[in-house]
Amino acid sequence: MPFSLASLSFWDLLLWSFVLAITLGASILLVLLISLTISQNTNPTKTRPRGSPTHLLVVLGSGGHTAEMLYMLERMKFDPQIYTYRTYLVSSGDNFSADKAKDFEAQRVQNSQGHTHNKNYTIVTVPRARRVHQSYLTAPFSTLQCFWACLNVLRGLHPDQKLPKEYTSPYPDLILTNGPATAVCVVAGAKLIRFFQCFAKYTTLCLGLQTISPFASAPKLRTIYIESWARVSSLSTSGVLLLPLVDRFLVQWPAQAGRRAWWGMKKTQYAGWLVI
Amino acid sequence: MKLCFVTVGATASFQKLLEQVLSSQFLEALAKRGYTHLLIQYGKDGQQVFQNFIDSNQPHHGLTLGGFDFQPSIDAQMMMTVERETLGQERGLIICHAGSGTVLAGLRLGVPLIVVPNPDLADNHQQELADELEKGNYVISSTVEDVGNAISRAETQKAQVLPRRSGNTTLAESMSDELSFLD
């Protein structure tokens with residue numbers, strides 16, 4: 001019997017489109033899972049000379065997250081000679097975090113150089129992913145808006161950014177986060193940019209437009225997430241979402257160590273108390 | 001000066017704890033252990049309870065009382081419980097709800113800490129944190145009714161220096177690894 005569309009009933013068509021949609025969805029999911037797994041298991045090669053300028057992006061959230069982040073930086077004896085340029089990302093309306101970041105920078109400069117003029121940091125503001133009491137109906141739109149703003153910050157396009165000339169790339173080298181909703185947008189954005197970079201690199205290689213450079217460039221947009229000290233035995237929502245996305249996941253309680261998003265993924269590392 | 005600083009949290013009300021720390025029995029227990037001042041951050045609904053106590057003629061047991069509802073940062077108040085000879089400050093005590101920010105700030109100062117979880121708030125992970133910290137002898141976890149008896153336990157506990165918990169990696173090491181420096 002020859003095949004013709006007309007011989008298919010409405011229900012057959014519906015069935016076939018269902019099967020097609022499911023297959024397509026499953027393949028996209030599979031590709032996504034595989035690329036996330038490959039990405040998390042690829043360790044960068046040691047290529048960065050010591051003393052070269054590095055750009056650190058610190059994501060600050062609401063009160064508690066910001067306090068913990070700054071305690072941690074203080075506790076690790078943060079060295080501005082290593083992390084030579086800092087960008088602090090805060091949510092709009094969060095003056096507390098912005099002020100705390102300024103205080104922190106003022107202390108660093110006094111400790112290390114003895115003068116108070118500091119050009120080696122900026123504070124940038126992005127809209128909130130979801131305001132307190134905001135309806136879940138409009139939340140996806142504000143999240144998208146936040147995501148777009150974060151992407152711009154990562155690409156150095158935020159109007160408040162003025163990265164000195166010695167930093168040849170607009171992308172930060174390292175991103176440090178500990179939990180606000182904005183962190184999910186930033187880390188997802190970093191992953192997206194890295195994906196496109198990788199895609200572009202292999203496409204040009206395959207097309208023979210470029211040969212493999214013997215000098216691999218230093219890695220960019222690496223991400224570290226630190227779960228809150230307050231979470232003893234269960235991950236926070238941001239933690240669960242970021243588990244498959246970040247390059248390194250640190251936890252402060254032993255019961256949280258060894259978790260991973262799925263088989264083959266990197267495990268969370270117990271780092272002890274980082275805040276005290 | 002020897003200060004007991006009580007904070008009930010800024011967002012939820014915790015009237016029971018407030019009434020307890022203003023009871024004659026609790027004030028007497030403080031006075032007996034040499035406390036001279038009691039400062040209370042009573043939160044959004046606590047003003048009335050505090051004012052009623054001040055207006056009434058109930059005994060203060062020689063304690064100087066102070067109170068406020070909310071401040072963006074209570075770091076300065078917490079610092080007053082730290083021992084500082086030059087300022088005539090003895091080591092005091094902090095009594096707080098199980099909010100992780102306050103508990104963490106208190107632990108960082110190394111002062112005796114009594115954590116009183118708010119039974120009206122069903123926040124599981126805060127309770128879990130309080131339990132775990134008590135297990136490690138970092139704080140005294142107490143019910144509202146028992147907070148007077150917890151004072152001496154908290155003071156003796158903080159007499160010994162507790163070890164900091166270290167893990168399998170540090171933040172500095174992790175950051176340096178991710179940046180992939182040439183060795």
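What the table below lists for this structure:
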quantity: Selection count, the range A:134-162, where residues are of a type in the set (Val, Ile, Thr) and touching a Leu at 6+ places or on another chain (Cβ under 8 Å); calculated: 1
quantity: Odd one out for residue A:43, checked against (1) in a helix (DSSP H, G or I); (2) within 10 Å of chain B (Cβ to nearest Cβ); calculated: (1)
quantity: Of all residues in the range A:93-116 being under 21 Å from the mean Cα position of the chain (by Cα) and at pLDDT 90 or above, the one that is surrounded by the fewest Cβ atoms within 10 Å (Cβ to Cβ); calculated: A:98
quantity: Residue match in the range A:210-224 (condition: more than 8 Å from chain B (Cβ to nearest Cβ), closer than 29 Å to residue B:106 by Cα, modelled with pLDDT of 95 or more and touching a helix residue (DSSP H, G or I) at 6+ places or on another chain (Cβ under 9 Å)); calculated: no
quantity: Residues of the range A:70-106 that turn out to be among the aliphatic types (A, V, I, L, M) and within 11 Å of chain B (Cβ to nearest Cβ), as a count; calculated: 4
quantity: Residue that is nearest to the other protein chains (Cβ to nearest Cβ) [pool: residues in the range A:225-248 that are over 12 Å from residue A:179 (Cβ atoms) and of a type in the set (A, V, I, L, M, F, W, C)]; calculated: A:232
quantity: Residue in the range A:92-112 that is farther than 19 Å from residue B:175 by Cα, without any contact (Cβ under 8 Å) to a residue 24 or more places away in the chain and part of a loop (DSSP other than H, G, I, E, B) present; calculated: no
quantity: Residue that is over 15 Å from the mean Cα position of the chain (by Cα) and not hydroxyl-bearing (Ser, Thr, Tyr), where the choices are A:192, A:163, A:154; calculated: A:163
quantity: Where residue A:62 falls short, out of the listed (1) modelled with pLDDT under 85; (2) exposed (fewer than 12 other Cβ atoms within 10 Å of the Cβ); (3) within 12 Å of chain B (Cβ to nearest Cβ); calculated: (2)
quantity: Top-ranked residue of the range A:23-51 - restricted to ones that are of a type in the set (Lys, Arg) and free of Cβ contacts under 8 Å to residues at least 40 places away in the same chain, ranked as surrounded by the most Cβ atoms within 10 Å (Cβ to Cβ); calculated: A:46
quantity: Qualifying residue in the range A:249-271 (condition: of a type in the set (Phe, Trp, Tyr), more than 13 Å from chain B (Cβ to nearest Cβ) and either under 16 Å from the mean Cα position of the chain (by Cα) or closer than 24 Å to residue A:34 by Cα (or both)); calculated: yes
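A quick yes/no check of all residues on (1) within 20 Å of residue A:183 (Cα to Cα); (2) hydrophobic (A, V, I, L, M, F, W, C):
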residue	(1), (2)
A:34	no, yes
A:66	yes, no
A:80	no, no
A:108	no, no
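The values are calculated or read from the model by the stated rules, or taken from the named source; none is laboratory data. Everything numeric here is computed off the predicted structure, so don't read it as measured data. Neighbour counts run over all protein chains shown; Cβ positions are idealised from the backbone, glycine included.
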